[in-house]
Amino acid sequence: MDEVSISGLTKNFGDLVAVDHMELSIPAGTIFGLLGPNGAGKSTTTRLLSTLLHPTDGTAVVSGFDIIENPVQVREITGVLPEESNHTIYPSLTAYENLEYFARLYEVPKDEIHERIEELLTFMELWERKDDRAGELSTGNRQRLALCRAILHRPKVLLLDEPTSALDPIAAKRVRELILSLSQRYKQTFFINSHNLPEVQRICDRIAIIDKGKVVLHGSTRELRSKLLAKQEFRIRVVGDIGKASSVAKSMNFVEEVEEEVDSISVVIENPLENNSTLMQALLSNGIKIVEFAEEETTLEDLYLEVVKGGTA
Ligand SMILES: Nc1ncnc2c1ncn2[C@@H]1O[C@H](COP(=O)(O)OP(=O)(O)OP(=O)(O)O)[C@@H](O)[C@H]1O
Ligand SMILES: [Mg+2]
């Protein structure tokens, strides 16, 4: 069943079409990534889904509730981490007091409030910080607190707008890991805006790329990679003669580029799904042991640049 179903969703600001007849369906339990460059319409989409904005045309159904006809119910079953997540917590209240305040606002049953806050703060590794004022927490910890606030009322759908964009790489990684564990534990549907491709590639099951308010690509992460990346770069770490490994690779007609490194070769392979095993076999039969055959990480980024900048859109 689709947890989020967007049909013909459109938002104009005067002459500007920020979201342009968007069609998307997101199955329950998915971690969905909405990717697009600055100004593509990601935040506007999130604001429409969270009923902060009213669409110019079209609509969306979130967990069975229409954003136009049932906005109150939509707000109850969604949790939102807005782009300016700092604005959703009170700097002069402690971490605990912030959550207590929002628990009351969301009418969490009184006898469950303490238990839920303790569970969440512990889960987000913030329990030790519970008595610190939110304004004095590090940016990473404040973002985790804002995430706690967004999930306190156990929403079925989480709308996270650039959850890691303000964080350093280590804090961002931790937040990504927490999103993955949250999804495993509570099985919510995540709708995550990002322009960080490697990030989306790591945590999202499904991806849509938008540009100028229009969906230009949509599918599972795996599908998009295999369908659209006609060639990919791989790093093959080997034990044995690197020069020989390199010449075996060069002799294959589907190998476009070969670069030799200290313990590995980098190769660009056409139709890797079909051809990788042939290359592996050729290397093995030439006495070269393969320690690692790894895809280079920039693949989705290449795809994104191709789609958004290269005019395929
Ligand atoms: N309230 C508003 N009034 C007028 N124009 C707006 C408003 N909100 C957004 N826009 C415009 O709509 C377009 C889409 O903006 P949006 O914030 O949704 O993009 P985004 O994909 O979230 O970008 P970013 O990656 O920078 O966060 C932009 O051209 C923006 O200037
Ligand atoms: Mg935005």
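The values are calculated or read from the model by the stated rules, or taken from the named source; none is laboratory data. In this text, all values refer to a predicted model and were calculated from it rather than measured experimentally. Counting neighbours? That spans all protein chains shown, and the Cβs are built from the backbone with ideal geometry, glycine included.
What number goes with the only condition from (1) in contact with a strand residue (DSSP E or B) (Cβ under 8 Å, 6 or more places away or on another chain); (2) under 30 Å from E256 (Cβ atoms) that R222 does not pass?
Failed condition: (1).
Yes/no matrix, rows are residues, columns are (1) touching a residue at least 24 places away in the same chain (Cβ under 8 Å); (2) under 17 Å from L159 (Cβ atoms); (3) out of contact with any Gly (no Cβ under 9 Å at 6 or more places or on another chain); (4) not basic (K, R):
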{"residue": "D66", "(1), (2), (3), (4)": "no, yes, yes, yes"}
{"residue": "I89", "(1), (2), (3), (4)": "yes, yes, no, yes"}
{"residue": "T94", "(1), (2), (3), (4)": "yes, no, yes, yes"}
{"residue": "L99", "(1), (2), (3), (4)": "yes, no, yes, yes"}
{"residue": "F102", "(1), (2), (3), (4)": "yes, yes, yes, yes"}
{"residue": "V108", "(1), (2), (3), (4)": "yes, no, yes, yes"}
{"residue": "I113", "(1), (2), (3), (4)": "no, no, yes, yes"}
{"residue": "G140", "(1), (2), (3), (4)": "yes, no, yes, yes"}
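Is it fair to say L178 is surrounded by fewer than 21 Cβ atoms within 10 Å (Cβ to Cβ), at pLDDT below 90 and more than 20 Å from E3 (Cα to Cα)?
Values: surrounded by fewer than 21 Cβ atoms within 10 Å (Cβ to Cβ): yes; at pLDDT below 90: yes; more than 20 Å from E3 (Cα to Cα): yes.
So L178 passes the test.
Condition first: more than 14 Å from the chain's Cα centre (by Cα) and within 16 Å of ligand 2 (Cβ to nearest atom). Now tell me which residues in the range 161-212 satisfy that.
Selection gives A166, L167, D211, K212.
Hey, does the range 40-63 have a residue that's away from ligand 1 (no atom under 16 Å from the Cβ) and in contact with a helix residue (DSSP H, G or I) (Cβ under 7 Å, 6 or more places away or on another chain)? Give the steps one after another, and end with the answer.
Of the residues in the range 40-63, the ones away from ligand 1 (no atom under 16 Å from the Cβ) are 59, 61-63.
Adding the requirement that they be in contact with a helix residue (DSSP H, G or I) (Cβ under 7 Å, 6 or more places away or on another chain) leaves 62-63.
Yes, the range 40-63 contains at least one residue that is away from ligand 1 (no atom under 16 Å from the Cβ) and in contact with a helix residue (DSSP H, G or I) (Cβ under 7 Å, 6 or more places away or on another chain).
Exactly one condition in (1) of a type outside the set (G, A, S); (2) away from ligand 1 (no atom under 15 Å from the Cβ); (3) over 11 Å from I31 (Cα atoms) is not met by I203; state its number.
I203 satisfies every listed condition except (3).
Please find, within the range 259-294, the residue that is surrounded by the fewest Cβ atoms within 10 Å (Cβ to Cβ) out of those that are assigned to a strand (DSSP E or B) and either of a type in the set (D, E) or not assigned by TED's automatic domain parsing to the domain that holds R235 (or both). Steps first, answer last, please.
Of the residues in the range 259-294, the ones assigned to a strand (DSSP E or B) are 259-260, 264-270, 289-294.
Filter again for either of a type in the set (D, E) or not assigned by TED's automatic domain parsing to the domain that holds R235 (or both), leaving 259-260, 270, 292.
On the way: E259: 13, E260: 13, E270: 14, E292: 11.
Filtering first and then ranking leaves E292.
Taking L224 as the residue in question, decide whether it is assigned to a helix (DSSP H, G or I), out of contact with any Pro (no Cβ under 9 Å at 6 or more places or on another chain) and touching a residue at least 60 places away in the same chain (Cβ under 8 Å). Give the steps one after another, and end with the answer.
Working: assigned to a helix (DSSP H, G or I): yes; out of contact with any Pro (no Cβ under 9 Å at 6 or more places or on another chain): yes; touching a residue at least 60 places away in the same chain (Cβ under 8 Å): yes.
So L224 fits the description; yes.
With the range 1-44 as the region, which strands (runs of 3 or more DSSP E) entirely inside it contain at least 2 residues that are closer than 19 Å to D57 by Cβ?
Numbers: elements: 2-13, 16-27, 31-35.
Answer list for the range 1-44: 2-13, 16-27.
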